[in-house]
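The structure appears below as C-alpha cells.
The values are calculated or read from the model by the stated rules, or taken from the named source; none is laboratory data. Every value quoted in this text rests on a predicted model; they were computed, and no experiment measured them. When we count neighbours, we look across all protein chains shown, and the Cβ atoms used for this are built from the backbone with ideal geometry, even at glycine. We work out accessible area using only protein heavy atoms, side chains counted, and drop any ligands, DNA or RNA first. Shrake-Rupley method; radii C 1.70, N 1.55, O 1.52, S 1.80 Å.
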4 protein chains.
Amino acid sequence: MKVGLIGYGYWGPNLLRNLHETNGVEVKRCVDLSPERRTAASKRYPSVEVSGDADEILSDPQIDAVVLATPVFTHHALAKRALQAGKHVFVEKPMTRTVEEAEELIGLAERKGLTLMVDHTFIYTGAVRRMKEIIEAGDLGELYYFDSVRVNLGPWRHDIDVIWDLAAHDLSILTYLVPDKPQSVSAEGSDHIEPGLVDVAYLTLHFANNFIANFHVNWLSPVKVRQNLIGGSRRMVVYDDMELTEKVRVYDRGIQVKSQEGIYKALVDYRMGDVWSPKIDMREALSLECEHFVDCIRNSKVPRSDGVAGLAVVRILEAASISLANNGARVVLSRGLQSDASSARS
Amino acid sequence: MKVGLIGYGYWGPNLLRNLHETNGVEVKRCVDLSPERRTAASKRYPSVEVSGDADEILSDPQIDAVVLATPVFTHHALAKRALQAGKHVFVEKPMTRTVEEAEELIGLAERKGLTLMVDHTFIYTGAVRRMKEIIEAGDLGELYYFDSVRVNLGPWRHDIDVIWDLAAHDLSILTYLVPDKPQSVSAEGSDHIEPGLVDVAYLTLHFANNFIANFHVNWLSPVKVRQNLIGGSRRMVVYDDMELTEKVRVYDRGIQVKSQEGIYKALVDYRMGDVWSPKIDMREALSLECEHFVDCIRNSKVPRSDGVAGLAVVRILEAASISLANNGARVVLSRGLQSDASSARS
Amino acid sequence: MKVGLIGYGYWGPNLLRNLHETNGVEVKRCVDLSPERRTAASKRYPSVEVSGDADEILSDPQIDAVVLATPVFTHHALAKRALQAGKHVFVEKPMTRTVEEAEELIGLAERKGLTLMVDHTFIYTGAVRRMKEIIEAGDLGELYYFDSVRVNLGPWRHDIDVIWDLAAHDLSILTYLVPDKPQSVSAEGSDHIEPGLVDVAYLTLHFANNFIANFHVNWLSPVKVRQNLIGGSRRMVVYDDMELTEKVRVYDRGIQVKSQEGIYKALVDYRMGDVWSPKIDMREALSLECEHFVDCIRNSKVPRSDGVAGLAVVRILEAASISLANNGARVVLSRGLQSDASSARS
Amino acid sequence: MKVGLIGYGYWGPNLLRNLHETNGVEVKRCVDLSPERRTAASKRYPSVEVSGDADEILSDPQIDAVVLATPVFTHHALAKRALQAGKHVFVEKPMTRTVEEAEELIGLAERKGLTLMVDHTFIYTGAVRRMKEIIEAGDLGELYYFDSVRVNLGPWRHDIDVIWDLAAHDLSILTYLVPDKPQSVSAEGSDHIEPGLVDVAYLTLHFANNFIANFHVNWLSPVKVRQNLIGGSRRMVVYDDMELTEKVRVYDRGIQVKSQEGIYKALVDYRMGDVWSPKIDMREALSLECEHFVDCIRNSKVPRSDGVAGLAVVRILEAASISLANNGARVVLSRGLQSDASSARS
C-alpha cells in the first residue's frame, strides 16, 4: 500500500517514522511547505520523495492513502479532495473545524466506500485500552465523574486555541471510555498571550444522570500534568500518563451512606481497599494505530477512531467555543449522526 | 487569658492541643454534645473542665474568649451570643452560612470592640506566607491564573457540601494572595452519595482583567491532592501541600509572542529557567494562629483572618451555591463591606 | 498497671503520649535530667509526676513497669536495676551497647519471670506486618536480596554512630521478615562532622545461600529516604515509608534464564506483571506496641520484639563496629542464644 | 568523514541514528552478525551498506573512523586492528576487559596520532555537565560522599556482570565530577539467575581523605532507579535521572557541630535553606558526543572521555572483580598511566 504524508511539522515526523516501519506500507511521498522540513524528512528517509505541493500526492494514482498532519483549518479541504480522488484518509485530530465539515467527510467516505480515520492516538495506548476493559467489565460500578488535567508550557499553536488543541485528546478518551453521551457543554477560559486565543480553559460536560466530566487544559503551566481521575461507585481509577510504567491505578476505595437519621446520626462507610496497577501494553500507540489503519483498509473494517468518533469530539469542541463566547453558558449538544452511528459501530 | 472551646469533634482536638500549648492561654472549659468526646478531651487534658452545655461557657464571666468548632449552621448564633457577652471569638471556617450573618457579626464585634477571627488555617502556613511575599515582591509579574485542586476520599460532612467544606480553604488562600477582587462566580457540581449534597464540584471566579481562578473540590477522589498552580507573566508557582518539605516551587518559566506576522510567522519565545524552592517555615500553622489570636486581643490588632476576610470567602460560597442551583450561571458578586474593609486592613 | 518513663528527650514524648492513651496503663512518673523537659511533660500531662532522679521510679514499689528512653549506654544499667527490682522493662532500640549486656538482661528477665521488650517500632507498623504475611505465604518465592536506604539530614546523635542509630531500625525489620540468619557482616563508613563518629555508612550481611542484605544509612543526606527493596524469584516488594498510603508495593515481575547455549543463545525471560499495593493498617505502630507490652505482661506472652530479637540486632551492630574498625573486613557472627531462642519463639 | 559502525544490537541503533544526524558524518557501513539486525538497519537507513563481516570496515581505506558497539571482550581486538589500520575509534563502555588492554590501546592511539574515545554517555548529559560546573565553582564546599543507585529489571547481559554493565556508568560520572582519585575498592555481590554472573552488587571506593563513594547496581530490581547523592560541607546535590526536567537539585542544607563539651552539651547546627534546580540542557547526550568525536578528530583535541578516562573506569572495575572474588577484601588501585595522563588532560 502506497501512502502520501501531507505535513511534516510537529507531529509529521512521528507519523513518518511509524508509517515507514509499518509492514505493508510504503511512504511514497512527503509534502511540506517548508524546504527545511523537506530536507529533514529526506535526510532521515532518503527513499521518500519530498515535495512542496500537496497536489503531487492528491493527484498521484499510485497513492492509495493520504495522511494529513496539517493545520486544522486545512483538514476538510484536503481530506475532501483525497476522498474524491478515491484515497483513504488518516487525519490528525481534531478532525475538522466544524460539525458540518466532519459530517460532509463522513458522508463522502461512506458513499465512496473509503476508510476515514482520525488520529485519536490516546485510545490506542495500552493504558486507555486497559481502562476500557476495566470499565466494560463493570469493575468501577456506576460511573460518577471523569476529571481530566492536561497542562504544560506550550507547545503553542496559533491556528487553534488550547481547548481544540489539548481537550481534543481527553474528549477522545472520554467518548471512547464512557458509553453515556453528554447533553450539554460549558466552557470558561482566558487569553493571556495572543489576544483572542484562549490559553487556559475549563470545560464541563453534563449528562442525563449525575455523571459529570471536567477538563482543565492549559498552555501556561510550569509543569506538565496529564492525569485523568475516573470515579465509580465500586472502584476508582487514576490514569497518570507521566508515570513511566504504572500509568493506570485502580483503587478499591469508595464511600457510602449506610444509614441516615438526621445529620448527626448519618453513618458513612469508607471502603479503603487495595490498589492495583495492571500491566500495560507499552508498544507505541501510533504504531498500533498505523497498523489498524492498514487493517481497516484491507479488511473493510470500521476504525476504532472513525469519522464518527472524530465528529463526536468536534461536536463538543464546537459547542465549547460557543459557550466560551457566551460567558460559559451551557450549550446543548445536538444529536444526529453521532448517536446513530456510534451504536452501529459498537 | 481564659478560653472556652465549643465543639470537640473533627478539628476540636487540634484546637485544644494548640490552645493548651499557647503561652498565656488557659483553656478553662471544653463543651461537646457527645459524652464520649468529652471523656476523650478530659482524659487527654485533665485540667480542662468538660460540659455538654455551651451556656456554661457563654455565661461564664471568667472566660475571655470563645473558640467555635461546631457545625457551620451554629456559628452565627453562638458567635453572636459570645460577642454579646463581651467575649472575643475565634470561629472555624466557613465563618457563617450567609453574607448577612457574617456582616452582622462583623458589625457587632466592631461595636463591642472585640476581636472576631476566622480560622483560615492555610494562610498561617509557612508555604502560603512565603507565596504572599513572592507575589508582593512582584516576582511572578502580572498574574494570569490561579488553579486549585483539593480532592480526597472524604472526610464526609453532612451539614455543608464539598464547596463550603473544601473550597473554603482555597478561597481563603486566593483572597489572601491575590489583590484583585472577583466579579462573578460560576459553579458546577454533582451529588452521588447523599441526594442534594454536592460531592464533586468545579468553581470558576471571573475578574475584571484576564485573570481567572478555578477550584476543583471532590470528596470522592481515590487519591489526596492539594495543589495550587499560580501562573504569572514572569514566573509561576506550584504549591503542593502533599510534599513534605518542598511545598512551594517557583518556576522561572514563561512564554511570550516575540513577533507575529500571520499564523505561520508568529514567533513564540519559551523561557525555561531554573526552579527554586524557598525554605519554608515548618511550624504548625494552627499554633501560630492561636498566638496571633492572643496577640490581636491583647494589642488590639486586626487579625490577618478577621471577620472581613471570613466574609469575603462566605460571599463567594453563597454566590457559588446560587450558581449551582442555576445550572452554573454566572452570579455577580456584590461589593460593599468587603472591598472597603479589606483596603483598611492592608 | 503503673508505669514509669525514664527519658523525655526526642522519643520520650511519643512514648508518654501513647502510654497515656493505652487502656489499663497509668503513667505514674516521668524522669528526665533536664528541668525544661520535665516542665514540658508536666504541662502536657499534669497528672504525671515528674522528677530528675531515676531512683524515684526504680525504687517505687507501686510501679510495675519501666520504660527506658535514655541514651544507649545507660540501657543496661537501668534495665538491670529495674529487672532486679521486679519491674517489667520496655527499652528503646538498640537494646544495649554489647552482646554481653543484652545476654545478661535476657537471662535476668528469664530468671525473674519478667517481660523484657525492645522498642522495634517498625515491626509493629501495618506495612511491615503485611510484608511478613506476604513473605510467609511464599508470595515472593525464593528470597534474593534485601536492600535498605535510610538517610536524612540528622537528627544527629552524639552517643552512637549512624549505624547504631539508623541501621538498628532496618536490622529489626530484616531479622523479623527474613527467616535465614546472617553469617557475617561487613561495614564501610566515614566521619565528616564529629571525628570518630561515622555519619555515612554501608553495611552488608552475608548468608549461607545467595541471599544478600545491604543497608545504606546516612545523617548527611539532603533528602529523607526510607526505602526497602526485597527481591524474590517470584515477586518483588518495594516498601517506601515516605509514601502516605501506598507504602508497600508488590511487583509481579521477575527474570529467568529459559535456556542457555553459549552467550549469544541464552534466552532470558522477563516477567512484567501487575503491581499490587495491599491495604495497610494505618494505626500508629507505637500505640499497638504499647498495647502489646501490656498484653505480654498480663498474659505472660513472649513479645514479638523480646530481648532475643533485641540481641539479634545488637549482635549485628557489634560486628559491624568491629568490621568498621578493620577496614570493612568480614566479621563472622557468633551463634548462641540467638538461634536457640529464636527457634523457640517461633 | 566516513564512519563504520560495528555492532547493531542494543545500543547500536542509537549510535547509528545519532551518527546519521551528525553534520559532516556519513555512515558508510554497518556490520552485525545477525541478518535480522542488518535488515533492520538497512530498512531504517537505506543509504547505509550492511555486512556481516567486520573486515569490510576495518580494511576499507575510505573509512576514517570506526564505532564499536560489540560485546566488551571484542573491544580490544577490534579497536587495536582499527587503530593499526589508521582509523579513529569510538568504543562503547566499558572500554576493555582489562587495564592492560586499555593501556595498550591508549599507547597505540598516541603513537599513531589517532583519536581514541570511549562512550561515557552520561558525562555529556546536561545534568552531569551542570553538576561539574557546580562542583568546580566550589558551591558544594568540601566533598563528603558520592552515593549512587542504578537498578532496574534487566536488561540482562551475558558477557559481563552487573558491575561492569551498570557501575561503569556511575564510575564514569564519579571520575569526571570528583577530582580526587580513589585508593582502593571493595565489592560485594551475589548471583541469582546465571551461576557466576553477579546480578546484585555493592561497590565502595575509598579515598585518601574522608570522602567515600558507594554504588548499588542491580539487574533484579522491580523498579528503575538512577540516582546520585553528592554530599558536601556547604551544599548537597541530588541527581535523579528519572525526573523528566528537574534532574538536578542543589540543596542549601548542611550540618555542623558549633561547639562541643561532652555529649550532652554538643550543639549541632542544621542549615535548612532553599532548594535550587538549575535549568539543564536537554539535548540528547549521544548527539553531543558524536559531534565531540568529530570535533576532536578534526581539531586534534583530547576527548572529554578519552582512553585515559576509559582506563580509569576499567581500573576500578578490574579491582572490583578481584575484590568480589576475595569476599569483598579491599583492593588497592595501582596508579600509573591514569594519574599522569589525567592531570595532563585537565
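The table for this structure:
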read-out: Segment C:115-235 - Rg and Dmax from Cα coordinates, angstrom; value: 15.1, 46
read-out: Accessible carbon and sulfur surface of chain C relative to its total accessible area, %, 1.4 Å; value: 48
read-out: Whole-number accessible area per residue in Å² for segment C:19-159, which is evaluated in the context of all protein chains at 1.4 Å; value: 38
read-out: Cβ neighbours within 10 Å from other chains - mean over B:200-212; value: 4
read-out: Square roots of five times the Cα gyration tensor eigenvalues for segment B:267-337, Å; value: 31, 30, 12
read-out: Cα coordinate range in the protein assembly as shown, projected on the principal axes (Å, largest first); value: 96, 77, 53
read-out: Value of relative contact order over segment C:195-271, rounded to a whole percent, pairs C-alpha under 8 Å and six or more apart; value: 17
read-out: Under 5 Å, built H, 5+ apart or other chain: amide partners of C:GLY232; value: C:TYR144, C:VAL237
read-out: Interface size C-D, as summed buried accessible area [1.4 Å probe, Å², nearest 100]; value: 4600
read-out: For chain B, size of Cβ-based charge dipole, Lys and Arg +1, Asp and Glu -1, in debye; value: 560
read-out: Pairwise centroid distance, computed over Cα atoms, of segment C:33-90 with segment D:1-20, Å; value: 71
read-out: For segment D:13-60: relative contact order, % (alpha-carbon pairs under 8 angstrom, 6 or more apart); value: 34
read-out: Alpha carbon centroid spacing (whole Å) that separates segment C:122-166 from segment A:96-113; value: 62
read-out: Label point distance in nm, D:ASP139-A:SER42, each placed 7 Å from Cα along Cα→Cβ; value: 4.4
read-out: Label distances, nm, A:LYS258 versus same residue in remaining copies, Cβ-directed 7 Å point; value: 5.1, 5.3, 6.5
read-out: Between helix D:99-112 and chain D: long-axis angle, C-alpha atoms, 0 to 90°, nearest 10; value: 60
read-out: Per-copy distances of the D:ASP55 label point, shortest first, in nm (7 angstrom along Cα→Cβ); value: 5.6, 9.6, 11.1
read-out: Size descriptor, Kirkwood hydrodynamic radius, that averages inverse alpha-carbon separations across chain C, Å; value: 21.3
read-out: Label geometry 7 Å along the beta-carbon vector: D:LYS2 inter-copy distances in nm; value: 3.4, 9.8, 10.1
read-out: Beta bridges by DSSP in chain C, antiparallel share as percent, to the nearest 5; value: 60
read-out: Value of relative contact order over chain B, rounded to a whole percent, pairs C-alpha under 8 Å and six or more apart; value: 18
read-out: In order through segment A:35-46: 3J(HN,Hα) via Karplus (6.51 cos²θ - 1.76 cosθ + 1.60), integer Hz, x for Gly, Pro; value: x, 4, 5, 4, 4, 4, 4, 5, 4, 6, 10, x
read-out: Axis proximity, chain D to B: residue whose C-beta lies nearest, plus whole-Å distance; value: D:TRP276, 3
read-out: Share of pairwise Cα separations in segment B:50-172, more than 24 Å, in percent; value: 41
read-out: Chain lengthening between D:ASP281 and D:ARG111 when straightened (0.36 nm per residue, less Cα-Cα); value: 57.6 nm
read-out: Nearest-10 value in Å² for the accessible area of D:HIS192, using the 1.4 Å probe; value: 30
read-out: Two-site FRET efficiency, B:LEU33 against B:VAL332, from Cβ-Cβ distance with R₀ of 41 Å, rounded to 0.05; value: 0.55
read-out: Two-site FRET efficiency, B:SER59 against A:VAL257, from Cβ-Cβ distance with R₀ of 45 Å, rounded to 0.05; value: 0.75
read-out: Whole-Hz ³J(HN,Hα) from phi, Karplus 6.51 cos²θ - 1.76 cosθ + 1.60, for segment A:226-232, glycine and proline x; value: 9, 9, 10, 10, 10, x, x
read-out: Cut-off under 5 Å, modelled amide H: who pairs with A:ASP191 long-range; value: A:ASP199
read-out: Residues listed by number, segment B:268-304, amide nitrogen under 19 Å from A:HIS158 label point at 7 Å toward C-beta; value: B:268-271
read-out: Segment A:191-285: C-alpha gyration tensor shape, a/c 1.5 cut-off, then a/b vs b/c; value: oblate
read-out: Residue-averaged 222 nm ellipticity for the protein assembly as shown, from DSSP H runs of 4+ at -39500 (n - 2.57), nearest 500; value: -10000 deg cm²/dmol
read-out: Amide hydrogen neighbours beyond the local backbone of A:LEU153, cut-off 5 Å, H modeled; value: A:SER221
read-out: Cβ-derived FRET efficiency at R0 35 Å, B:THR245 paired with C:ARG298, nearest 0.05; value: 0.25
read-out: Sites excluded, GluC sites (Glu not before Pro) in DSSP loops with at most 15 other C-beta within 10 Å, longest stretch of chain B; value: B:1-141
read-out: Solvent-accessible area per residue, Å², over segment C:206-300 with all protein chains present [probe radius 1.4 Å]; value: 42
read-out: Inter-label distance for C:GLN84 and D:ALA208, nm, one decimal - labels placed 7 Å from Cα along Cα-to-Cβ; value: 5.3
read-out: Calculated from backbone phi, Karplus (6.51, -1.76, 1.60) coupling profile of segment B:12-21 in Hz, x at Gly/Pro; value: x, x, 5, 5, 4, 4, 6, 4, 4, 8
